[in-house]
1. Would you check which residues across the range 12-54 are touching a strand residue (DSSP E or B) at 6+ places or on another chain (Cβ under 6 Å) and aliphatic (A, V, I, L, M) and list them?
2. Which residue out of A182, A173 is among the small types (G, A, S) and under 28 Å from G71 (Cβ atoms)?
3. Among (1) in a strand (DSSP E or B); (2) under 26 Å from I12 (Cβ atoms); (3) out of contact with any Asp or Glu (no Cβ under 9 Å at 6 or more places or on another chain), which single condition is R141 missing?
4. Report, ordered by the first and then the second residue, all pairs with beta carbons closer than 8 Å, sequence separation of six or more or different chains, a first member in the range 142-157 that is free of Cβ contacts under 8 Å to residues at least 40 places away in the same chain, and a second member that is surrounded by 16 or more Cβ atoms within 10 Å (Cβ to Cβ) and among the charged types (D, E, K, R).
5. In the range 102-115, how many are surrounded by fewer than 17 Cβ atoms within 10 Å (Cβ to Cβ) and either touching an Asp or Glu at 6+ places or on another chain (Cβ under 8 Å) or more than 14 Å from A158 (Cβ to Cβ) (or both)?
6. Does the range 92-105 include one or more residues that are among the small types (G, A, S), closer than 24 Å to A34 by Cα and either touching a strand residue (DSSP E or B) at 6+ places or on another chain (Cβ under 7 Å) or in contact (Cβ under 8 Å) with a residue 12 or more places away in the chain (or both)?
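No value in this document is a laboratory result; all are computed from the given coordinates. Just so we're clear, the structure is a prediction, and the values are computed from it rather than from any experiment. With ideal geometry, Cβ positions are generated from the backbone for all residues, glycine too; neighbour counts draw on all protein chains shown.
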Amino acid sequence: MRGAFEGYARLIKMDYPGDLSIWRADRSSSVQAARWRLAQDVTFGDSRMVFGLAGRKGANALLALAHFPGGAAPYSARLVLRDVDATSGPYLDSRGASLTAMPLTRRLPPAAAQQSYAAEARSTAGLDLLPAGMKSGWAFRFPPEAAGALAQLDPREAIAIDFLFPGDQVRRAYVEVGDFAAGRAFLQVASR
């Protein structure tokens, strides 16, 4: 058992596949450049987002980094997820379909059972966090307790990131919860 854990502790990268998406975990050390520690790539409409934990060694902020065509610039973002204190479990609207084929839009509960976290900070995305092929983007940092709330959710659920634009326009991106909690634990093993 001890040997198996030592082997696991030496792993630097790991993928956590879900029903529809993959969380990529990377616990390699870097004290100079920020990097994605646990991330999921999302395409929504003609826009692209990377969501997850990013930072330097030991600093893992919950971020959404998105690019919108035509230079569109959201002024804020909010993370929307199931309120575990107001519900008895996940909301999975399968409508007779298999859970593995159920779209993320049907894995988020109705508004009365949701809670949200407003982004604490907004900035242009740094080059160290921009994924290949993305030349610019906007980064939004969410409060630390949002990562804890996300880790409490059922892996089959989804969360949403709402990007808020002038004129009351909202662009919504969905993220599969998947093994976020397992990926977060993988990162924490490296810091011990």
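1. Result: M14, L20, I22, A25, A34, L38, A39, V42, M49, V50, L53, A54.
2. A173
3. Exception for R141: condition (3).
4. Every condition considered, the pairs that remain are A151/R184.
5. Number satisfying all stated conditions: 5.
6. No; the residues of the range 92-105 include none that is among the small types (G, A, S), closer than 24 Å to A34 by Cα and either touching a strand residue (DSSP E or B) at 6+ places or on another chain (Cβ under 7 Å) or in contact (Cβ under 8 Å) with a residue 12 or more places away in the chain (or both).
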